[in-house]
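Could you have a look at this structure, given as structure tokens, before my questions?
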Amino acid sequence: MIVVMKKGADQSQIDHMVQRIASLGLKPHVIVGAERTVIAAVGEKRPEHKESLESGPGVAEVVKILAPYKVASREVKPEPTVIRAGSLTAGGDTIGVIAGPCSVETEAQILACAKAVKAAGGTALRGGAFKPRTSPYSFQGLKERGLEMLAAARAETGLAVVTEVVASEDTDLVARYADVLQVGARNMQNYRLLEAVGKAGKPVLLKRGPSATMEELLLAAEYILDAGNPNVMLCERGIRTFETHTRFTLPLATVPYLKQKTHLPVIVDPSHGTGHSYLVPDMTAASVAVGADGIILEVHPDPENALSDGYQTLNFEQFATTMARCRQIAEVLGRRI
Ligand code: PEP
Ligand code: MN
């Protein structure tokens with residue numbers, strides 16, 4: 001259910017309704033909108049709840065939330081959520097560009113990336129310190145040393161740091177260094193991890209599992225929202241299909257679909273979505289054209305010698321050209337990067 005407050009409802013009325021919802025054994029989520037405040041009441045409902053809440057002070061109406069994801073739903077919050085994390089803004093009029101290597105390798109490598117990303121107009125730095133690799137024999141990341149290198153690159157350039165947390169027990173450590181916690185595709189349905197990042201107090205970039213449906217993605221986001229973290233970005237990074245010409249299949253219809261269903265920003269990852277660097281610039285441009293609120297791209301000073309995902313990684317020049325193209329498309333759409 002959503003308790004829709006009247007336009008002029010004051011804080012004491014909102015607080016009162018929060019308590020009333022909790023006293024019915026439901027979990028209240030206050031969502032402050034531009035027009036008015038709504039309170040989602042999530043949990044096991046009984047028929048008499050609606051009537052009981054409708055009579056509350058400052059309440060305009062009580063309506064059922066039809067979608068299985070409640071707090072993520074557009075029904076609850078019609079206006080888009082804008083996420084801000086240091087230099088990164090994603091949502092509304094602003095498109096965030098998160099770029100950097102697949103893995104943090106050396107201090108010189110991550111600093112060179114940060115400088116090139118910033119110079120080309122990127123707005124956040126990515127880089128994996130904890131890497132979820134398909135093979136246990138592949139490079140697993142520099143772990144805390146990698147996080148320190150990311151923090152040093154942030155100190156030098158001012159770029160916000162987006163980095164992955166692979167296990168719930170690492171969440172506090174990664175959150176000490178990161179501006180945005182990335183939950184990887186392989187972990188989209190790791191519910192303990194989703195709860196942990198929901199409590200970590202940092203925005204989250206939640207990647208779609210390669211065989212997850214839109215509803216499963218939105219319900220995974222709901223875990224994070226329900227744990228008390230309103231700052232979730234959804235990321236389309238390609239799904240598994242019968243097709244083999246690309247590493248994954250990148251379905252860009254995800255973007256307008258999700259924007260109908262949820263107020264959360266939608267980010268696209270054309271690097272993992274295609275798996276080939278020569279396809280990345282066009283699919284990045286297409287992602288911006290279709291309305292993405294952000295892009296996440298793999299960029300490296302020497303992609304050929306990258307320790308992971310080099311074949312889908314742009315060099316600095318390719319990144320700068322791609323950025324220039326995206327800026328032009330964004331402008332036509334009345335948005336900015
Ligand atoms: C990554 O961003 O490098 C990564 C491992 O992505 P995904 O979880 O989408 O595979
Ligand atoms: Mn990668």
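The values are calculated or read from the model by the stated rules, or taken from the named source; none is laboratory data. Here the structure is a predicted model, which is why all the values come from computation and not from measurement. Here the Cβ is made from the backbone with ideal geometry for all residues, glycine too, and neighbour counts use every protein chain on show. Accessible surface is based on the protein model in full, side chains and every heavy atom, while ligands, DNA and RNA are left aside. Shrake-Rupley method; radii C 1.70, N 1.55, O 1.52, S 1.80 Å.
Looking at the chain, identify the longest residue range that excludes and avoids all chymotrypsin sites (Phe, Trp or Tyr not before Pro) in DSSP loops having at most 14 other Cβ atoms within 10 Å. All intermediate terms of the calculation are to be shown ahead of the outcome.
Details: sites that count: 137, 242.
Free of exposed loop sites, the longest segment is 1-136.
Can you tell which of 307, 189, 55 lies farthest toward the positive end of the dipole of the chain, using +1 and -1 charges on the Cβ of basic and acidic side chains (Lys, Arg; Asp, Glu)?
55
What percent of all Cα-Cα pairs in segment 99-215 falls into each 5 Å bin, going from 0 up to the bin containing the maximum distance?
Histogramming segment 99-215 at 5 Å steps yields 2, 13, 23, 23, 19, 13, 6, 1, 0 percent.
In the Gaussian network model of the chain, springs joining C-alpha atoms below 10 Å, which of 173, 88, 258 carries the largest mean-square fluctuation?
173
To continue, here is another question. Once phi is turned into θ = phi - 60°, what whole-Hz ³J(HN,Hα) does the Karplus curve with 6.51, -1.76 and 1.60 give for every residue of segment 244-258, x standing for Gly and Pro?
Couplings: 10, 6, 10, 4, 10, 9, 9, x, 6, 4, 3, 5, x, 4, 5 Hz.
At q = 0.15 Å⁻¹, what base-10 log of I(q)/I(0) does the Debye formula yield for segment 1-160 when every alpha carbon is treated as an equal point scatterer in vacuo?
Result of the Debye calculation: -0.80.
Calculate the FRET efficiency for residue 82 and residue 282 from the Cβ-Cβ distance with a Förster distance of 25 Å, rounded to the nearest 0.05. Don't jump to the answer; show the numbers that get you there.
Numbers: r = 27 Å, r/R0 = 1.10.
Between residue 82 and residue 282 the formula returns 0.35.
Once both axes come from the Cα atoms, what is the angle between helix 144-157 and the longest principal axis of the chain, in degrees from 0 to 90, rounded to 10?
The angle comes out near 90 degrees.
With Kirkwood's inverse mean 1/r over C-alpha pairs for Rh, give me the Rg to Rh ratio of the chain, two decimals please. Write down the numbers at each step before the final one.
Numbers: Rg = 20.5 Å, Rh = 20.5 Å.
Here Rg/Rh amounts to 1.00.
While we're here: Under 5 Å between amide hydrogens, which residues at least 5 positions from residue 314 or on another chain qualify, with H placed 1.01 Å from N in the peptide plane?
298, 299, 300
Do me a favour and compute the ellipsoid semi-axes for segment 2-63 from its Cα gyration tensor, root of five times each eigenvalue, largest one first, whole Å.
Working: eigenvalues 61, 25, 21 Å².
Gyration-tensor ellipsoid for segment 2-63: 18, 11, 10 Å.
Among 269, 282, 179, which one shows the biggest mean-square fluctuation in a GNM of the chain, springs joining Cα atoms closer than 10 Å?
282
For segment 1-55 and segment 192-212, what is the separation of their C-alpha centers, rounded to whole Å?
About 26 Å separates the Cα centre of segment 1-55 from the one of segment 192-212.
Counting helices only, and only those DSSP H runs with n ≥ 4, report the 222 nm mean residue ellipticity of the chain as the sum of -39,500 (n - 2.57) divided by its residues, in deg cm²/dmol to the nearest 500.
On the way: 11 runs with 116 residues, N = 337.
When only DSSP H runs of four or more count, the value is -10500 deg cm²/dmol.
Sorted by accessible area with a 1.4 angstrom probe, largest first, how do 46, 74 fall? Mind dumping the intermediate values first?
On the way: 46 135, 74 60 Å².
The most accessible residue leads, giving 46, 74.
Looking at segment 211-270, which GluC sites (Glu not before Pro) are DSSP coil and have at most 13 other C-beta atoms within 10 Å of their C-beta?
For GluC sites (Glu not before Pro) across segment 211-270 that sit outside H, G, I, E and B with at most 13 neighbouring Cβ atoms in 10 Å, the list reads 243.
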